[in-house]
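Please read the structure below before turning to the comments.
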Amino acid sequence: KAGVTQTPRYLIKTRGQQVTLSCSPISGHRSVSWYQQTPGQGLQFLFEYFSETQRNKGNFPGRFSGRQFSNSRSEMNVSTLELGDSALYLCASRPGQGRNEQYFGPGTRLTVT
Amino acid sequence: QKEVEQDPGPLSVPEGAIVSLNCTYSNSAFQYFMWYRQYSRKGPELLMYTYSSGNKEDGRFTAQVDKSSKYISLFIRDSQPSDSATYLCAMSAAFGNEKLTFGTGTRLTIIP
């Protein structure tokens, strides 16, 4: 089975712009979660989607949003970018059906200048 | 205080040694425990997944969970230079709240 894929792998944006990141989960996985990884804060949970519905949300401002499509693919959007949004954004998929292990993609490295 | 505490290291051991990595946690709702390995500039790779207390072995890796002490461990036997990476513990609560809470990661170097 192919793993979790994320596009693009690298992005450079300017403060104030917005960005959309994409994630395709492992085939058959219906749950997609997003995490932000920074050297100072480590890995932090952003939100989780299951069957196109947001199930859980972390402590991030409303500038961070997401959605999931009927084929389980997910997108994450960050509006009005700030320098502090520079990070590795990771997507993880989970089989669901009582199984909690999560499989991560390679991440999108976002640099805000 | 963080929900999950993990010694950030760095930890350096000679090739062939047994490595012990540990995390402690404070949230008694955590029931699912995972260990990930992350190489530089890569996404985390799932190594071990356990539910509740007990031991689980997979090749050179053994995961232990002691819920009474809120303490989890990962042992690596016959360590190899290719094991050099950052190791992250992660845990989540029961069904309906599967967000992972991570430790800060331990940077491990295996010296040939």
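Computed from the coordinates by the stated procedures, all read-outs in this text should not be read as laboratory data. None of these values were measured; they are calculated from a predicted model. All Cβ positions, glycine included, derive from the backbone under ideal geometry; neighbour counts span all protein chains shown.
Return the whole-Å distance between the Cα centroid of the stretch B:76-107 and the Cα centroid of the stretch A:3-29.
When both Cα centres are located, 23 Å separates them.
Taking a label point 7 Å from the Cα of B:T109 along the Cα→Cβ vector, which residues of the stretch A:31-64 have an amide N closer than 17 Å to it?
Zone members listed by number: none at all.
So how far, in whole Å, is the C-alpha centre of the stretch B:1-67 from the one of the stretch A:68-98?
24
With a sphere of radius 15 Å drawn around the Cβ of A:V78, what net charge do the other residues whose Cβ falls strictly inside it have (Lys, Arg +1; Asp, Glu -1)?
Working: positive: A:K13, A:R15, A:K57, A:R63, A:R67, A:R109; negative: A:E75, A:E82, A:D85.
Summing Lys/Arg as +1 and Asp/Glu as -1 gives +3.
Go through B:S12, B:F61, A:G62 and say which Cα lies farthest out towards the positive end of the charge dipole of the protein assembly as shown; charges sit on Cβ, +1 for Lys and Arg, -1 for Asp and Glu.
In the protein assembly as shown, that residue is A:G62.
Through the Karplus equation 6.51 cos²θ - 1.76 cosθ + 1.60, θ set to phi - 60°, convert the phi angles of the stretch A:9-15 into ³J(HN,Hα) values in whole Hz; use x for Gly and Pro.
So the Karplus estimates, Gly and Pro as x, are 7, 9, 8, 10, 10, 9, 3 Hz.
Averaged over peptide A:29-38, how many Cβ atoms belonging to another chain are found within 10 Å of each residue's Cβ?
Numbers: counts 0, 0, 1, 0, 3, 0, 6, 0, 6, 0.
What the average comes to for A:29-38 is 2.
Using only the alpha-carbon atoms, what does the stretch B:1-105 span along each of its principal axes? Please give whole angstrom values in decreasing order.
Sorted from largest, the Cα extents of the stretch B:1-105 read 40, 29, 22 Å.
Would you tally the net charge around B:N27, using a Cβ to Cβ cut-off of less than 12 Å, leaving B:N27 out, and scoring K and R as +1, D and E as -1? Each step should come with its number before you reach the end.
Working: positive: B:K2, B:K67, B:K70, B:K99; negative: B:E3, B:E5.
Charge balance near B:N27 sits at +2.
P(r) tail for the protein assembly as shown, what percent of Cα pairs lie past 25 Å? Kindly include the intermediate steps, with their values, before the conclusion.
Working: 10096 of 25200 pairs.
Result for the distance tail: 40 percent.
What dipole magnitude, in Debye to the nearest 20, does the protein assembly as shown give about its Cα centre under +1 on Lys/Arg Cβ and -1 on Asp/Glu Cβ?
Working: 24 positive and 17 negative charges, 121 e Å.
The calculated dipole for the protein assembly as shown is roughly 580 debye.
Stick to Cα atoms and the Kirkwood definition of Rh, then tell me Rg/Rh for chain A.
On the way: Rg = 13.3 Å, Rh = 14.0 Å.
Rg/Rh: 0.95.
Ignoring GluC sites (Glu not before Pro) that are buried or in helix or strand per DSSP, and keeping those with at most 14 other beta carbon atoms within 10 Å, what is the longest stretch of chain A between them? Don't skip to the answer; put the middle values down first.
Numbers: sites that count: A:E52, A:E82.
In chain A, the maximal stretch lacking such sites is A:1-51.
Considering every residue in A:53-65, what mean count of other chain Cβ atoms within 10 Å of its Cβ is obtained?
Details: counts 0, 0, 4, 4, 1, 1, 0, 0, 0, 0, 0, 0, 0.
The per-residue average across the peptide is 1.
Tell me, what ³J(HN,Hα) does each residue in the stretch B:47-61 have, in order and in whole Hz, if you take phi through Karplus 6.51 cos²θ - 1.76 cosθ + 1.60 with θ = phi - 60° and put x for Gly and Pro?
Ordered by residue, 3J(HN,Hα) equals 9, 9, 9, 10, 10, 6, 7, x, 10, 9, 10, 8, x, 7, 9 Hz.
Between B:Q80 and B:R60, what length in nm is gained on full extension when 0.36 nm per residue of separation is reduced by their alpha carbon distance?
Numbers: separation 20, 0.36 × 20 = 7.20 nm, distance 1.02 nm.
Contour length minus Cα-Cα distance gives 6.2 nm.
Using a 10 angstrom Cβ neighbour count of at most 14 plus a DSSP loop assignment to flag exposed GluC sites (Glu not before Pro), which longest range of chain B is free of such sites? Walk me through the numbers on the way to the answer.
Details: sites that count: B:E3, B:E15.
So the longest stretch without any such site is B:16-112.
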